[in-house]
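The values are calculated or read from the model by the stated rules, or taken from the named source; none is laboratory data. The model shown is predicted, which means the values in this text are computed figures rather than measured ones. Glycine gets a Cβ as well: all are built from the backbone with ideal geometry, and neighbour counts include every protein chain shown.
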């Protein structure tokens, strides 16, 4: 069995395993924004994305037969201690780009996160600080890399509100991106906003629209700004949330990129599972 096949089976098995485990949270946030009881919690996020288009600085299609497929599982390890949270997210997967006739499989860039739930009663609020470590494979001479070869420092703000009929999830992020020492490229800093609203259709069933937006500053090459190189992407989609049993809750989300600049344009499908120990 080759590595790509192994990663695909890991993704499937992680999803099936999560279906059988207890999940205490009322809803599933984008990462760790819901406060849980003290102790260890495993988060599993199987994902698949596909894109055939790469856009230019004006949003036009510079490539229309990209053939990009990315799939795997994000393994999140969270430890709650009162109002504090420590979290480590470890991506494992495969990136295959048909246009470049190349692929890469393995460990991605790990995120280390520390957060604090603020003493607010009406809504759950948690600011976090994240360090992205370039643990993923990267080689500037390789056409496809699962890692990006550079570190990030990210400030996040998570918001969550659950009501009998409606729930709201939101997260705001600002990422300071550092120079890739291998390629001597510094990606532009990025601002991200994500939102999800769900409506209670029936007992243990929620569904609703979601939106993701990201915009980045211009990149730098050897310390010089590359004009009109900043990325932008707007994605629209929705999420279906189902509590199979009293302690088992599952969410499946799908997003379609509707507007982009200097980046890929395609679809993303992701499941969210939480396993409490």
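Observations on the structure shown:
- Taken over the range 254-269, the criterion of being within 15 Å of the chain's Cα centre (by Cα) and surrounded by fewer than 19 Cβ atoms within 10 Å (Cβ to Cβ) is satisfied by 254, 256, 267, 268, 269.
- Residue within the range 14-36 that is part of a strand (DSSP E or B) and at pLDDT 50 or above present: no
- Summed over the range 41-64, residues that are touching a helix residue (DSSP H, G or I) at 6+ places or on another chain (Cβ under 6 Å) and over 16 Å from residue 110 (Cβ atoms) total 1.
- Within the range 223-235, one or more residues are in contact (Cβ under 8 Å) with a residue 12 or more places away in the chain, closer than 30 Å to residue 77 by Cβ and outside any strand (DSSP E or B).
- Residue match in the range 59-68 (condition: within 26 Å of residue 170 (Cα to Cα) and touching a strand residue (DSSP E or B) at 6+ places or on another chain (Cβ under 8 Å)): no
- Boolean, residue 95 is touching a residue at least 12 places away in the same chain (Cβ under 8 Å), in a loop (DSSP other than H, G, I, E, B) and either surrounded by 15 or more Cβ atoms within 10 Å (Cβ to Cβ) or under 13 Å from the mean Cα position of the chain (by Cα) (or both): no
- Sole exception among (1) more than 22 Å from residue 49 (Cβ to Cβ); (2) at pLDDT below 90; (3) crowded, with 19+ Cβ neighbours inside 10 Å for residue 168, by number: (3)
- Within the range 40-74, the residues that satisfy the criterion of being surrounded by fewer than 20 Cβ atoms within 10 Å (Cβ to Cβ), free of Cβ contacts under 8 Å to residues at least 40 places away in the same chain and within 21 Å of the chain's Cα centre (by Cα) are 67, 69.
- Of all the numbered requirements in (1) under 22 Å from residue 233 (Cβ atoms); (2) in a strand (DSSP E or B), residue 103 misses one, and that requirement is (1).
- In the condition set (1) over 14 Å from the mean Cα position of the chain (by Cα); (2) part of a strand (DSSP E or B), residue 213 is compliant with all but (1).
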